[in-house]
Ligand code: RIB
């Protein structure tokens, strides 16, 4: 194991089956698409690759199936510099897949079929625990079974490892005991709305919602509002980071880019404000490029982008 401070991504590993189309279909509608491609994805794997591209020693913990997708997914993680020693291969189970439609405006619809991701269990948690002593941050999302997320968060908390939770895809019932184990939660508009039970679509509602999440016990609540920017709240401060205007091609993995860059900045001991700016910049860059892992910036690209655009954050 490396002695550098490191990060763990505990989550899904999917093959993304992407169709591009001029507009997204409504229920019952058949549309002719423009292009089709398969690309490595999965929120867990995307966040692992985001971290590794930004120079952080990164371990992936999860599962793939013993099919050709699984093979390819492992190769891509390895090529991106992610340590895959703790990725288990399930026999007779398919790897996770995501069926993704992307329209001309870059909006998407995603259906995830978990496959091997749904088999993530206490063995994976034990593997993860063996990595924690050398680790600064643990990134998780909601594409693996909830009980394993809870166990991993408990172990990380015991060892003082920062827990960053991306509550995606959105779910209604988050166990109340999970919140106090989470140092930073990073929902988007839809997800935070589901968590708090009212629509979140502007700064006012985002501030109310982030406050509710703080009351439930998280250390920091970050509402990712897409082009409307980011609201970040802790007990001590609430601030806003505007979005970086870009030409959007495809927002798939923009949220993963945000989380990876936020975590990478914290591993580098940057301030929370700088970390949120890194996240917003990485998310913006990712939405200018098609695909999930293909769109995640290297550190050089991220720093150049920040230097060119300048960056600011505003007290609320
Ligand atoms: O966040 C984007 C990811 O969500 C895609 O790569 C897809 O696999 C789904 O998990």
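Taken together, the values in this text are just the output of simple stated rules run on the coordinates, not laboratory data. What you see is a predicted model; the values in this text were computed from it and never measured. Glycine also receives a Cβ, built like all others from the backbone with ideal geometry; neighbour counts cover every protein chain displayed.
Some observations on this one:
- Cα gyration tensor category, rounded, prolate or oblate, for segment 187-276 with a/c compared to 1.5: oblate
- Rounded D (µm²/s) - the chain, Kirkwood Rh over Cα pairs, Stokes-Einstein at 25 °C, 0.890 mPa s: 127
- Segment 157-215 and segment 239-316 have Cα centres separated by 20 Å.
- Span from the segment 42-87 Cα centroid across to the segment 23-40 one, whole angstrom: 27
- As a proxy for reagent exposure, 166, 250 were ordered by neighbouring Cβ count within 10 angstrom, fewest first; the result is 250, 166.
- Compactness relative to 2.2 N^0.38 Å, alpha carbon Rg of segment 89-169: 1.30
- Burial ordering of 72, 173, fewest other beta-carbon atoms within 10 Å first: 173, 72
- GNM top mover of 227, 18, 49 - the chain, alpha-carbon springs below 10 Å: 227
- GNM top mover of 295, 95, 271 - the chain, alpha-carbon springs below 10 Å: 271
- Evaluated at q = 0.11, 0.15, 0.17, 0.19 Å⁻¹: base-10 log I(q)/I(0), Debye formula over Cα of segment 220-316: -0.27, -0.51, -0.66, -0.83
- Highest-MSF residue in the chain out of 134, 34, 201 [GNM, Cα springs under 10 Å]: 34
- P(r) weight above 17 Å for segment 108-215, C-alpha pairs, percent: 56
- Segment 184-281, relative contact order in percent, only Cα pairs under 8 angstrom and at least six apart counted: 21
- Viscosity 0.890 mPa s, temperature 25 °C, Stokes-Einstein D of segment 38-177 from Kirkwood C-alpha radius, µm²/s: 157
- The chain: relative contact order in percent, alpha carbon pairs under 8 Å with at least 6 residues between: 17
- Diffusion constant of segment 132-181 at 20 °C, which comes from Stokes-Einstein with the Kirkwood Cα-pair radius and 1.002 mPa s, µm²/s: 192
- Hydrodynamic radius of segment 1-102 by the Kirkwood approach over all distinct alpha-carbon pairs: 14.6 Å.
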